[in-house]
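Novice: Just dropping this structure here.
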Amino acid sequence: MTTETIDAVSVTTKANVYFDGKCVSHGFTQADGTRKSVGVILPATLTFNTGAPEIMECVGGSCDYKLDGSDVWVTSAAGQQFNVPGNAKFQIRVTEGFDAYHYICHFG
């Protein structure tokens, strides 16, 4: 099931812009204090670093991802998610000509 709306949140209005605008996100905090971000990744291959574990939920488009230590690219499409360990690197690849990857990042 794909998350379509998130109610009762406090949103950071200034966007986080990474990789020359290839990734743009907004952070928000839910009423219970849970932090998340929602964003979009345009066609590119990008490497991210985590502090805490993350769950990447695809809410639109798709991406391929490769976790640190793996040589295998895995596809994540709308309604799917993948887990990233804390203190790790992972890559996301969005292919030119396909829809951008829209996501919610759930911080662990």
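The values are calculated or read from the model by the stated rules, or taken from the named source; none is laboratory data. Everything numeric in this text was worked out from a predicted model, so none of it was measured. Here Cβ is always computed from backbone atoms with ideal geometry, including for glycine, and neighbour counts include all displayed protein chains.
Novice: Looking at (1) closer than 18 Å to His102 by Cβ; (2) assigned to a strand (DSSP E or B), which is the one condition that is false for Thr29?
Specialist: Only one criterion in (1) closer than 18 Å to His102 by Cβ; (2) assigned to a strand (DSSP E or B) is unmet by Thr29, namely (1).
Novice: Right, another one. How do the pairs read when you match residues in the stretch 43-58 that are farther than 10 Å from Asn83 by Cβ with residues anywhere that are polar (S, T, N, Q), using Cβ under 6 Å and keeping only pairs 6 or more apart or on different chains?
Specialist: Note: pairs meeting the criteria are Thr47/Gln91; Glu57/Gln81; Cys58/Ser76; Cys58/Gln80.
Novice: Exactly one condition in (1) over 16 Å from Val24 (Cα atoms); (2) among the β-branched types (Val, Ile, Thr); (3) assigned to a strand (DSSP E or B) is not met by Val72; state its number.
Specialist: Failed condition: (3).
Novice: Being touching a residue at least 60 places away in the same chain (Cβ under 8 Å), crowded, with 16+ Cβ neighbours inside 10 Å and of a type in the set (Lys, Arg) narrows it down to one of Lys36, Lys22, Lys66, so name that one. Step through it out loud before you land on a result.
Specialist: Details: Lys22 fails: touching a residue at least 60 places away in the same chain (Cβ under 8 Å); Lys66 fails: touching a residue at least 60 places away in the same chain (Cβ under 8 Å).
Answer to the check: Lys36.
Novice: Just one of (1) in a strand (DSSP E or B); (2) at pLDDT below 95 trips up Thr47, so point out which.
Specialist: Going through the list (1) in a strand (DSSP E or B); (2) at pLDDT below 95, Thr47 breaks only (2).
Novice: When the stretch 56-82 is examined, which residues are found to be farther than 15 Å from Val40 by Cα and either touching a His at 6+ places or on another chain (Cβ under 7 Å) or acidic (Asp, Glu) (or both)?
Specialist: Answer for the stretch 56-82, where residues must be farther than 15 Å from Val40 by Cα and either touching a His at 6+ places or on another chain (Cβ under 7 Å) or acidic (Asp, Glu) (or both): Asp68, Asp71.
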